[in-house]
Amino acid sequence: MLKYHNLLPILIAAMMLVACRVDAPASTPTISLTNEPAAQPTAAPATAAPETTGLPKAVFYDLGETILVQANFPEDSRFRNMPARLNGVLAAPNAGDAPFPVVLILHGTHPGCPVNEAGVDAWPCDPDVERDNYAGFEYLVRELAARGYVALAVNINAQNTFGFGEPVGGERLEQIVDRHLSALAAAAGGGDNDFGLPLDGVADMSRLVLMGHSRGGEAANWLAGDFEGGPGFDSPSIYAERGYGPVNGLLLIAPAVAVIGTEGTHVPLAVIISGCDGDVTDGAGQLFYEEVRLGDAAINTPATSVVLDGANHNAFNTTLPRDSFGVPERPECEPLLEPASQRQFLVDFAADFLTTLYDDDPAARSAAAERLGQDVTDPAPSELLGYPAQLSTLAAGADRRPLFVPASAEELATNLLGGAVAADGLTTHFCEQGYSTPASNPGSEPCARPTVLVPGYPDMAVIGWDGPGGALRFELPSGARDLSAYTTLSLRAAVDPLSSLNVPGKPQALSARLTDGAGRSAVVATRADEPALVFPTGTTREDEFFGTVFNGISPMTTIRVSLADFAGVNLADVTEIALLFDRTASGNLFLGDLELVRPAANDE
C-alpha cells in the first residue's frame, strides 16, 4: 500500500497539481456505475489527419456530446449531470489478419478549457477552444496501427477538470472510457460506426491494452488495478458484462501519483520513468512498479520499469510546451533527449511490449523481451533500444522465488524461505517505502530520503562496510535448497552517492557465493561496468534543513548473475547464498530483491 511519512511529498505534489490546474484528492475511489440513463451522443463527422508516408491514416473522430453522472451531487444540483465530448484520434492497420488487438491511450492533466481569473478551467467550453490534449498522441496511434493494432487516444479532459464540481476518484473516467470502448465494440460488431474508418470485424475487443501518460498513467492503472470497489477492467468477466476486455497489459508513460494512487495490478506492467522529468520531479511513477513488487509473489504478473536518461515529461505528447518546472539543473539533463528521439523510444518500447503480449511466434516474443531487457538469462543492460537507461524487472510469480525484498525489518533476521540471515562485518538498516525525514521517522537517517532521490522511495535495505570481507548470508532451509529449476540470481541495488564509504565517481562491486550441502562453494563477481553499481551522475548542494543534498537520481537497478557460472556447486542442494562485499575497501549500497528467477515457460 502507498505510504508517506511527512508532508513534503504532499506539498511537492500539490505544487505539481496547481501547475496543471488540478486539486487534492477528493475521496477514496469506490465507484459503481449508476443505472440512470445517459444522454445519447450526437456524432460529428470524423476528419482525417494529414497523411504520413508509410503509416495508416488517422481520423479525428467526434462521437458527440454525452452526459456523465456525478453521483456525489444531489439530483437537483447543476453539477449532477456533466456534459462531455466523446472525441479522440484513431487509426487501424491497412492490412493484416483482422481482428486486431486494441490499444487505448489516456493523456495527462492539462487544462482542457481556458483558465479563468480564479485559476479554474470553467467547464464546459466551446469545442473550438477546448484543448485537444489527446491529439499529442496521434503519432503513437499511427505507429501502433502500422504494427497491427487498432489504436485510439481519447479525450479525458472532463475527468481532470475542477470546473464542474469536484471530481470523485475515477467516476467520470470510467464512464468516458466505457462509452468510447462500447462505441468501438459496436462498430467492430457491424453496428453504428461514427469513427470515420471501416471497423466491422477489424477490432478484437477481447484483447485490450491501456497506455497512459502522466496522470493518464495513474488513470489507466486505476481502470485495471487491484482496487477494492474499482472498475475491474482486468476482470475475466468484463467482456460478458461490457463487450470489451479484459485488459491484458498496462504501459505507463512518465506516470504521476496524484489523486488515485496505486494498489498494484494483476496484468503485465511496464513503466517508463523520465530521467529528467520537470513535472513529476521525484520519479513517483516508480511506485506503480513497487506496488506490484510488494504484492503476492505467488501470483504477480511480470513488471518492468525503465528510467530513460535525458527524457523530460512533456515531450511524449507533441502538443505540450516545456515541463512545468523546466529542466532539472543536473549534468545528465544537459542536453535533454531530442523530443523526436524520446517519442521514437516510446514507439519502439510500446511495440515490443505489445509483441510480448500478443505475437503468436514464441521467437518473436522472446526477441522483443530481450530488446526490453526482460530476458533474465542476460546481464542487465545499460541501454534499451539504443538509449541509456536503468532497468528494473520482476518476473511472473511462477518464475521467481523471492529470498529477500525486504518488506520489513524482520527480513534482516529471517529470509522469505524461512532461513536465517547473518550480516558479517556489515551495518544493515531497513527502510520502509515512502518519503520521510528523520524528524517524522526517527532513526531513518541511513535511508537518506531527504537527501538522495531514489525513485519510488522503495522498501529496501542499506548495507554498509568499512573494510573488505563483509558478507550478507542467507540460509536455505531443508526443502528449499533445490535451485536447479532456475537460471539466474537476481537483485537490485543503487550506490549511495552521499556516503563517505563510497568514492565519488568510482563504481562499487560485489560478489555472490553459493554453498551446497557437501560444503562446495563457488564465487561469481559482478561485472566491472555493472549498471546498478555505477556511481550516480550528479552534483551536491547545501540545504538549509537537511545539509548536503545530492542533485541527481539513484534508481534501484537490476543485477543478474547466471547460476551456471557457479561451477562445481550442486544447484539441487544449495544451503547458503551469500553476497560478499569483498572487492572494495568500503561502501554503502541500497539493496533489495534478492531472488531466483527463470524465463517464462512459453519463452524457452
*Of the numbered conditions (1) farther than 21 Å from Val257 by Cα; (2) touching a residue at least 60 places away in the same chain (Cβ under 8 Å), Gly190 fails exactly one; give the number of that condition.*
(2)
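The rows are residues; the columns are (1) open to solvent by less than 10 Å² (accessible area, probe 1.4 Å); (2) assigned to a loop (DSSP other than H, G, I, E, B); (3) of a type in the set (Phe, Trp, Tyr).
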residue: Gly310; (1), (2), (3): yes, yes, no
residue: Leu320; (1), (2), (3): no, yes, no
residue: Phe325; (1), (2), (3): no, yes, yes
residue: Leu336; (1), (2), (3): no, yes, no
residue: Asp360; (1), (2), (3): no, yes, no
residue: Pro379; (1), (2), (3): no, yes, no
residue: Gln390; (1), (2), (3): no, no, no
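Quickly run through segment 55-102 and pick out the residues that are polar (S, T, N, Q) and over 30 Å from Phe164 (Cα atoms). Explain how you work it out, then say what you get.
First pass over segment 55-102, keeping only residues polar (S, T, N, Q): 66, 70, 72, 77, 81, 87, 94.
Asn94, the sole residue that qualifies.
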*asked:* Going residue by residue through segment 54-68, is there one that turns out to be polar (S, T, N, Q) and either at pLDDT below 95 or within 30 Å of the chain's Cα centre (by Cα) (or both)?
replied: no
*Give the number of residues within segment 137-157 that are outside any loop (DSSP other than H, G, I, E, B) and either charged (D, E, K, R) or farther than 13 Å from Pro56 by Cα (or both).*
7
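When segment 455-479 is examined, which residues are found to be in a loop (DSSP other than H, G, I, E, B), surrounded by 17 or more Cβ atoms within 10 Å (Cβ to Cβ) and out of contact with any Lys or Arg (no Cβ under 9 Å at 6 or more places or on another chain)? Before you say what the answer is, go through the steps one by one.
Pass one, segment 455-479, residues in a loop (DSSP other than H, G, I, E, B): 455-459, 466-469, 476-479.
From what's left, surrounded by 17 or more Cβ atoms within 10 Å (Cβ to Cβ): 455-459, 476.
Selection gives Pro455, Gly456, Leu476.
Does Leu453 satisfy the condition of being over 16 Å from Gln508 (Cβ atoms), within 23 Å of the chain's Cα centre (by Cα) and not basic (Lys, Arg)?
Numbers: over 16 Å from Gln508 (Cβ atoms): yes; within 23 Å of the chain's Cα centre (by Cα): yes; not basic (Lys, Arg): yes.
Yes; evaluated as a whole, the condition is true for this residue.
Would you mention how many residues in segment 156-211 are acidic (Asp, Glu), over 26 Å from the mean Cα position of the chain (by Cα) and more than 26 Å from Asn81 (Cα to Cα)?
Summing the residues that are acidic (Asp, Glu), over 26 Å from the mean Cα position of the chain (by Cα) and more than 26 Å from Asn81 (Cα to Cα) in segment 156-211 gives 1.
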*Any idea which of Ile260, Ile176, Ile253 is within 21 Å of Ala71 (Cα to Cα), among the β-branched types (Val, Ile, Thr) and touching a strand residue (DSSP E or B) at 6+ places or on another chain (Cβ under 8 Å)?*
Ile176
*Within segment 480-511, restricting attention to residues that are assigned to a loop (DSSP other than H, G, I, E, B) and of a type in the set (Lys, Arg), which residue is least open to solvent (accessible area, probe 1.4 Å)?*
Arg481
*Quickly run through segment 345-374 and pick out the residues that are out of contact with any strand residue (DSSP E or B) (no Cβ under 9 Å at 6 or more places or on another chain) and within 16 Å of His213 (Cβ to Cβ).*
Val347
*Is it fair to say Pro362 is farther than 28 Å from Ala585 by Cα and touching a residue at least 24 places away in the same chain (Cβ under 8 Å)?*
yes
_Just to be sure before I move on: is Asp178 touching a residue at least 60 places away in the same chain (Cβ under 8 Å), of a type in the set (D, E, K, R), part of a helix (DSSP H, G or I) and open to solvent by 20 Å² or more (accessible area, probe 1.4 Å) in the structure I sent?_
yes
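How about segment 93-137: which of its residues are of a type in the set (A, V, I, L, M, F, W, C) and open to solvent by less than 10 Å² (accessible area, probe 1.4 Å)?
Initially, segment 93-137 is screened for residues of a type in the set (A, V, I, L, M, F, W, C), giving 95, 98, 100, 102-106, 113, 115, 118, 120, 122-123, 125, 129, 135, 137.
Val102, Val103, Leu104, Ile105, Leu106, Cys113, Phe137, listed by residue number.
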_Residue count, segment 421-454 (criterion: among the hydroxyl-bearing types (Ser, Thr, Tyr) and assigned to a strand (DSSP E or B))_ = 2
*If you go through segment 158-174 one residue at a time, how many are part of a loop (DSSP other than H, G, I, E, B) and either of a type in the set (Gly, Ala, Ser) or open to solvent by 10 Å² or more (accessible area, probe 1.4 Å) (or both)?*
7
*For the subset of segment 392-420 comprising residues that are closer than 19 Å to Thr265 by Cα and assigned to a loop (DSSP other than H, G, I, E, B), which member is most open to solvent (accessible area, probe 1.4 Å)?*
Ala407
*Phe195 passes all but one of (1) at pLDDT below 95; (2) open to solvent by less than 10 Å² (accessible area, probe 1.4 Å); (3) of a type outside the set (Gly, Ala, Ser); which number fails?*
(1)
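Check whether at least one residue in segment 248-257 is in contact (Cβ under 8 Å) with a residue 60 or more places away in the chain and over 20 Å from the mean Cα position of the chain (by Cα), and report yes or no.
Going residue by residue through segment 248-257, those that are in contact (Cβ under 8 Å) with a residue 60 or more places away in the chain are 248-249, 251, 253-254, 256-257.
Then drop every residue that is not over 20 Å from the mean Cα position of the chain (by Cα), which leaves none.
So far as segment 248-257 goes, no, none of its residues is in contact (Cβ under 8 Å) with a residue 60 or more places away in the chain and over 20 Å from the mean Cα position of the chain (by Cα).
Only residues that are part of a strand (DSSP E or B), of a type in the set (S, T, N, Q) and out of contact with any Leu (no Cβ under 6 Å at 6 or more places or on another chain): list them for segment 57-94, please.
Let us first name the residues in segment 57-94 that are part of a strand (DSSP E or B), namely 58-69, 81-91.
Then drop every residue that is not of a type in the set (S, T, N, Q), which leaves 66, 81, 87.
Correct list: Asn81, Asn87.
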*Residues (surrounded by 22 or more Cβ atoms within 10 Å (Cβ to Cβ) and polar (S, T, N, Q)) located in segment 343-356*: Thr356
*If you go through segment 443-454 one residue at a time, do you hit one that is open to solvent by 10 Å² or more (accessible area, probe 1.4 Å) and either among the charged types (D, E, K, R) or closer than 17 Å to Thr584 by Cβ (or both)?*
yes
*Has segment 224-242 got any residue that is farther than 24 Å from Ala350 by Cα and of a type in the set (S, T, N, Q)?*
yes
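The values are calculated or read from the model by the stated rules, or taken from the named source; none is laboratory data. Just so it is clear, the structure is predicted and the values come from calculations on it, not from any experiment. Note that we place each Cβ from the backbone using ideal geometry, even for glycine, and neighbour counts take in every protein chain shown. When the accessible area is computed, the model is the full protein with side chains, heavy atoms only, and any ligands, DNA or RNA have been set aside. Shrake-Rupley method; radii C 1.70, N 1.55, O 1.52, S 1.80 Å.
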